[in-house]
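Encoded as structure tokens, the structure appears first; notes follow it.
The values are calculated or read from the model by the stated rules, or taken from the named source; none is laboratory data. Please read these numbers as outputs of a predicted model, since none were measured by experiment. Positions of Cβ are backbone-derived with ideal geometry, glycine not excepted, and every protein chain shown enters the neighbour counts.
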Amino acid sequence: MPLFSIKGDRLERVKEVPFKSERKDIQHVTESSLKEVFGFEFVKSELELGTLRIDTLAFDEENKSFIIIEYKIDQSFSVIDQGYAYLALLLNNKAEFILEYNECKSQSLKRDDVDWSQSKVIFVSPQFTKYQKQAINFRDLPIELWEVSKFENGTLLFNQLKSPETSESITKVSPRIEKRLAILKLFSKAILNRTVRGVSFLVFFTPNSIIF
């Protein structure tokens, strides 16, 4: 998306510049302004749990849900398998996430205070491939893609990539979200167990294999 500055009665295009560092250029500045960018409450940076590390853990006060944010510079990753792996980590370790929130925020959040069905993963990257964009081409998918652009005048532009309104709603396959979450947890146990044993592999999730 182009950005213009006003010069008298003319518009002058602002040059886009590349990001040099994932953490410094994208993660740190986003975390410091998380409320302004996404409307979320910052909880913790670089949270390690099991074999995975979460870049940013946030909390959506409006929907009472946890949000996981991952930052990417390159495009060599799958939004589906990584996204569901992080969701599985969250759903299988609810007590740990509650404890992390309470310790970081000095609050007394309880498990029943959280709407776990509203949990989601957000990927932030300067660019996504066409396959990554097509992978989230379902309405109500708990994975979001946000493109971020940096300009020479110090401006950052965040743009959410949304699926078309005509896209099939993933919840139509199953009206019961809890069933989807239960199946997701079942799949995730196999992922975590195999990872602990040192076996490396990819798992591809499709709507038909996760939701009935």
Quiz item: Quick check: is even one residue across region 70-91 under 30 Å from PHE151 (Cβ atoms), part of a strand (DSSP E or B), hydrophobic (A, V, I, L, M, F, W, C) and in contact (Cβ under 8 Å) with a residue 24 or more places away in the chain?
Solution: no
Quiz item: Looking at region 94-103, is at least one residue in a helix (DSSP H, G or I), more than 16 Å from the chain's Cα centre (by Cα) and of a type in the set (Val, Ile, Thr)?
Solution: yes
Exercise. Starting from region 30-43, take each residue that is small (Gly, Ala, Ser) and list its partners that are surrounded by fewer than 19 Cβ atoms within 10 Å (Cβ to Cβ) and not in a loop (DSSP other than H, G, I, E, B), counting only C-beta distances under 8 angstrom and pairs at least six apart or across chains.
Key: GLY39/ASP60
Exercise. Would you mind stating whether LYS133 is at pLDDT below 95, part of a helix (DSSP H, G or I) and closer than 23 Å to LEU3 by Cβ?
Key: yes
Quiz item: Cβ-Cβ below 8 Å, separation at least six or inter-chain, first residue in region 143-167 and modelled with pLDDT of 85 or more, second buried (at least 17 other Cβ atoms within 10 Å of the Cβ) and among the small types (Gly, Ala, Ser): which pairs?
Solution: ILE143/GLY83; LEU145/SER125; TRP146/SER125; GLU147/SER125; VAL148/SER125; LEU156/SER149; LEU157/SER149; ASN159/SER149
Quiz item: Restricting attention to region 39-62, does a residue exist that is within 25 Å of LEU141 (Cβ to Cβ), in a loop (DSSP other than H, G, I, E, B), in contact with a strand residue (DSSP E or B) (Cβ under 7 Å, 6 or more places away or on another chain) and of a type outside the set (Asp, Glu)?
Solution: yes
Quiz item: In region 14-40, what residues are at pLDDT 90 or above and of a type in the set (D, E, K, R)?
Solution: LYS15, GLU31, LYS35, GLU36
